[in-house]
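Here the structure comes first, spelled out in structure tokens, and everything after it is commentary.
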Amino acid sequence: MEFAGMDLPDIAPGTVWLVGAGPGDPGLITIYAAHGLAHAEVVVYDALVDRQILDLANPGAEMIFAGKRGGRPSASQLDISQRLVERARAGRRVLRLKGGDPCVFGRGGEEALALARAGIPFRLVPGITAGIGGLAYAGIPATHRDTNAAITFVTGHSAAGDVPDNLDWAALAKGSPTLVLYMALPHLERIAALLMAAGRSPEEPVAIISSATTANQRNLFTTLKEAAAAAKAAAMAPPVLVVIGQNVAFHEQLDWFKALTN
């Protein structure tokens, strides 16, 4: 794939690009991502990367699946990092393709550190994270000057599989008008209780977005006190974003994607 007039860098032999594939819609990948895929000799990719994006890869590339899905057999992070190092040390052009942005709850920082410690040159290629793309496709502006001057991305799932206990939920409740929770579905009832105990209104608007930016996207609009029960009743399935804040109400006027797909 060529991009006329653009001076794009090559993936040099023995190097690794850590690339964000965006939140789902193939049209949301970057030019760097498409260029890297076309020239990589090894592509190590995640479970949530759309097949149409993988089809952009060099036809001769070695394709290695390294998806990590909760509750299912998957490669360990150590194994993935070792594969990247091994392929790069063999002189291959390696591209690590991760859903969303590689460094927003994507362990891209861990993989970059492993490469740095091994002396492997690398490049970080950012992607559109679900917390931006998913909101846009649900008609929710990430910021709006009438409602919020801050937005906070929060993981709702610790490495041990529990509600993160290293977060100050009271401070989050008081300090950020808009909260975007990743991987929070299993713990939504507990998280909502923590936020309400810290002063968030039980009637605060909440959006639950499943399979953001894809043809399978589902949006559920509810309130903080009803969010967990509503998600269960609607059988919302991962990957899911939970958006909490007054910006959610804008979806009534701005849900362009629903109008496009109806």
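Below, the figures for the structure above:
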item	result
Any hit, the range 155-170, residues being touching an Asp or Glu at 6+ places or on another chain (Cβ under 9 Å) and among the aliphatic types (A, V, I, L, M)	no
Number of positions in the range 172-218 that are out of contact with any Ser or Thr (no Cβ under 8 Å at 6 or more places or on another chain), within 14 Å of L241 (Cα to Cα) and not small (G, A, S)	8
Considering residues of the range 20-71 that are closer than 16 Å to F3 by Cα and among the β-branched types (V, I, T) only, the residue surrounded by the fewest Cβ atoms within 10 Å (Cβ to Cβ)	I31
Meets criteria (in contact (Cβ under 8 Å) with a residue 24 or more places away in the chain, buried (at least 17 other Cβ atoms within 10 Å of the Cβ) and farther than 26 Å from I31 by Cβ) for T178	yes
V248, sole failed condition from (1) touching a Pro at 6+ places or on another chain (Cβ under 8 Å); (2) over 16 Å from G131 (Cα atoms); (3) touching a residue at least 40 places away in the same chain (Cβ under 8 Å)	(2)
Of all residues making up the range 223-254, the number that are outside any helix (DSSP H, G or I) and closer than 16 Å to S211 by Cβ	10
Long-range neighbours under 6 Å by Cβ, at least six apart or interchain, first residue not assigned by TED's automatic domain parsing to the domain that holds L97 and among the acidic types (D, E) within the range 8-20, second in a strand (DSSP E or B) and surrounded by fewer than 24 Cβ atoms within 10 Å (Cβ to Cβ)	none
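So that you can scan it fast, the table gives a plain yes or no per residue for (1) under 18 Å from Y32 (Cα atoms); (2) acidic (D, E); (3) surrounded by fewer than 19 Cβ atoms within 10 Å (Cβ to Cβ); (4) over 22 Å from the mean Cα position of the chain (by Cα):
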| residue | (1), (2), (3), (4) |
| --- | --- |
| Q82 | no, no, yes, yes |
| A90 | no, no, yes, yes |
| G99 | yes, no, no, no |
| I128 | yes, no, no, no |
| P141 | no, no, yes, no |
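The values are calculated or read from the model by the stated rules, or taken from the named source; none is laboratory data. Everything numeric here is computed off the predicted structure, so don't read it as measured data. Backbone-built Cβ (ideal geometry, glycine too); neighbour counts: all protein chains shown.
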